[in-house]
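The values are calculated or read from the model by the stated rules, or taken from the named source; none is laboratory data. On a predicted model such as this, the values are computed, not experimentally measured, just so you know. For neighbour counting, all protein chains shown are included, and Cβ atoms are generated from backbone atoms with ideal geometry for every residue, glycine included. Protein only, heavy atoms only, side chains kept; ligands, DNA and RNA dropped before computing areas. Shrake-Rupley method; radii C 1.70, N 1.55, O 1.52, S 1.80 Å.
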Amino acid sequence: MLKELSGDVEVSNLNGSVKLENVSGGVAVDTMNGEVTARYAALAAGKSHSFSSMNGEIRLYVPATAKATFATARDAFYQSY
């Protein structure tokens, strides 16, 4: 778990979850087999945020007053029905 980060963060992980607590900079997280959880202290204007996981949920917690637009995508190749 990474906590109290105000600068830009880039995390790559192969097997396991990634947890970020009270971040306020730009964030890029990529994990192959694990969940991604990010709790923001603030969303800084003009910062980029990217999250990916091939086999895991992605959970984002942002301040109630945050103004942001989110886009999601899922690669159809990995979907199961």
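Quick check, is V23 closer than 14 Å to V62 by Cα and surrounded by 14 or more Cβ atoms within 10 Å (Cβ to Cβ)? Answer is yes for this residue.
All told, N13 falls short of being open to solvent by 60 Å² or more (accessible area, probe 1.4 Å) and either at pLDDT below 90 or of a type outside the set (A, V, I, L, M, F, W, C) (or both).
Taken over the range 38-71, the criterion of being in contact with a Phe, Trp or Tyr (Cβ under 8 Å, 6 or more places away or on another chain) and open to solvent by less than 40 Å² (accessible area, probe 1.4 Å) is satisfied by A38, Y40, P63, A66.
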